[in-house]
1. I'm checking my understanding of the structure. Among residues of the range 75-92 that are at pLDDT 95 or above and small (Gly, Ala, Ser), which one is farthest from PRO25 (Cα to Cα)?
2. Test SER38 against the stated conditions and say whether it is under 24 Å from GLU10 (Cα atoms) and either of a type outside the set (Asp, Glu) or within 9 Å of the chain's Cα centre (by Cα) (or both).
3. Residue check: is LEU53 under 17 Å from GLN15 (Cα atoms) and not small (Gly, Ala, Ser)?
4. Going by the structure shown, is GLU22 assigned to a helix (DSSP H, G or I), modelled with pLDDT under 95 and open to solvent by 90 Å² or more (accessible area, probe 1.4 Å)?
Amino acid sequence: MLGEKLMVTEETNKQAGIILEEWDPFALGGGKYIDEISGVIEQLQLLDDPSGLAKQIQSIYQISFGSWIPLEKCVAVSYKLLALKFEAKNII
């Protein structure tokens, strides 16, 4: 059971990373957000609220790049990430 749960978590994290890489909020291209993606995935493990996750996403990217992302864009990606998370939880 634990092994299955870890596999689901690893797969969910991988899929979340793909979603965030494709999101590309600053149009920098692939591979430019490794630290930010890790930070967001960490928050995704802790949070179930789209608004709270969106604020964390906004903060993580703002700290790294010194540029502000409108909260609406962060909310949109947070819904995608949480949908992925909740879908994975139902599989278990």
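The values are calculated or read from the model by the stated rules, or taken from the named source; none is laboratory data. Every value quoted in this text rests on a predicted model; they were computed, and no experiment measured them. In case anyone asks, the SASA skips ligands and DNA or RNA and just uses the protein heavy atoms, side chains included. Shrake-Rupley method; radii C 1.70, N 1.55, O 1.52, S 1.80 Å.
1. Ranking the qualifying residues of the range 75-92, first place goes to ALA83.
2. Yes, satisfied.
3. Yes: the conditions hold for LEU53.
4. Here the answer is no, as GLU22 does not meet what is asked.
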